[in-house]
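The values are calculated or read from the model by the stated rules, or taken from the named source; none is laboratory data. Note that the coordinates shown come from a computational prediction; the quantities given were computed from them, not determined experimentally. Because the Cβ atoms are built from the backbone with ideal geometry, glycine has one as well, and the counts that use them run over all protein chains shown. Accessible surface areas use protein heavy atoms only, side chains included; no ligands, DNA or RNA. Shrake-Rupley method; radii C 1.70, N 1.55, O 1.52, S 1.80 Å.
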Amino acid sequence: MTHLSGLNPKQKEAATHMKGPLLIVAGAGAGKTKTITHRIVNLIKEGVSPDKILAVTFTNKAAKEMRERIIAEIEKNSKGQDTVPFVSTFHSLGVYIIKENAHILGLTRYFTILDESNSVSIIKEAIREIGVDPKQYDPKKIKNIISREKGKFVQVEDYTEQASDYLSKIVAQVWGIYENKKKKENALDFDDLLVKATRLLKENEAIRKIYQDKWEYIHIDEYQDTNEAQYLMSKLLAEKNKNIVVVGDADQNIYSWRGANLKNILNFEKDYPDTKI
């Protein structure tokens, strides 16, 4: 088993796990990505078609590194294999799902993705439109509040209903205008890439089934950094087959400032009672 020869006993145990939920808890530098890579290669060696495998991580750099490692291992171990697993960030996965179903979401396939500065300038316009001075209410701060709420999977309608103090009422008005402006421009911001794809999976059973059948084996890196939208997306995709592997380190929760929820990794066994750790 040459593809497993560089692993220690615990890594090997995780890499050869075939069916059902698996939680890999390990500190920094413990070879988490290496273990996921070898597990994916092992699945392929055991006869799983590469296009049935999904691996999701947080940064483009990490996704690229994982993809390259997997391809190198596949080339080393499985001659003539021309398909590769779908390895991406959460946001790229969102783009993929949205593009394939753009018509349902009232978008064209060639929608614009707004970067941070585009989003902030549209929010600045919206602040002016409600007759408030952007110097008094920083557009970037308002954008961060909206972003955090979207990460929690809160919709503008729900937020507006619950807005009780002056600031949240301002945010609610601005958020509503911001959504309308994006719609007119056939544009989405980074948060929409997660939220719209997840909402589609949650609300449309037929579409959910397509992606559950497409990806039977799911791997999520840095699971402790998932926010509510990312957590739900993973859960909905894994719901049918329950072949979900998450890797994380509760001490390394670096995205709490933007809505990452540590309870997602702490509650993994509750979500998947048959979890192997």
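Values computed for the structure shown
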{"read-out": "Some residue of segment 150-161 being at pLDDT below 95, farther than 21 Å from residue 231 by Cα and basic (Lys, Arg)", "value": "no"}
{"read-out": "Residues of segment 3-21 classified as touching a helix residue (DSSP H, G or I) at 6+ places or on another chain (Cβ under 7 Å), not aliphatic (A, V, I, L, M) and not in a loop (DSSP other than H, G, I, E, B), total", "value": "3"}
{"read-out": "Residues located in segment 114-166, provided they are open to solvent by 70 Å² or more (accessible area, probe 1.4 Å), touching a residue at least 24 places away in the same chain (Cβ under 8 Å) and over 26 Å from the mean Cα position of the chain (by Cα)", "value": "125, 129"}
{"read-out": "The listed residue being part of a helix (DSSP H, G or I), farther than 21 Å from residue 147 by Cβ and open to solvent by 20 Å² or more (accessible area, probe 1.4 Å), out of 242, 209, 202", "value": "209"}
{"read-out": "Restricting segment 212-239 to residues that are part of a loop (DSSP other than H, G, I, E, B) and of a type outside the set (Asp, Glu), the residue that is farthest from residue 48 (Cα to Cα)", "value": "227"}
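Each row is one residue, and each column tells you yes or no for (1) open to solvent by 60 Å² or more (accessible area, probe 1.4 Å); (2) without any contact (Cβ under 8 Å) to a residue 12 or more places away in the chain; (3) over 24 Å from residue 190 (Cβ atoms).
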{"residue": "9", "(1), (2), (3)": "yes, yes, yes"}
{"residue": "54", "(1), (2), (3)": "no, no, no"}
{"residue": "59", "(1), (2), (3)": "no, no, no"}
{"residue": "84", "(1), (2), (3)": "yes, no, yes"}
{"residue": "90", "(1), (2), (3)": "no, no, no"}
{"residue": "94", "(1), (2), (3)": "no, no, no"}
{"residue": "108", "(1), (2), (3)": "yes, no, no"}
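One line per residue, one yes/no per condition, for (1) part of a helix (DSSP H, G or I); (2) in contact with a helix residue (DSSP H, G or I) (Cβ under 9 Å, 6 or more places away or on another chain); (3) on the phi > 0 side of the Ramachandran plot; (4) among the aromatic types (Phe, Trp, Tyr):
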| position | (1), (2), (3), (4) |
| --- | --- |
| 23 | no, yes, no, no |
| 29 | no, no, yes, no |
| 36 | yes, yes, no, no |
| 39 | yes, yes, no, no |
| 43 | yes, yes, no, no |
| 55 | no, yes, no, no |
| 74 | yes, yes, no, no |
| 88 | no, yes, no, no |
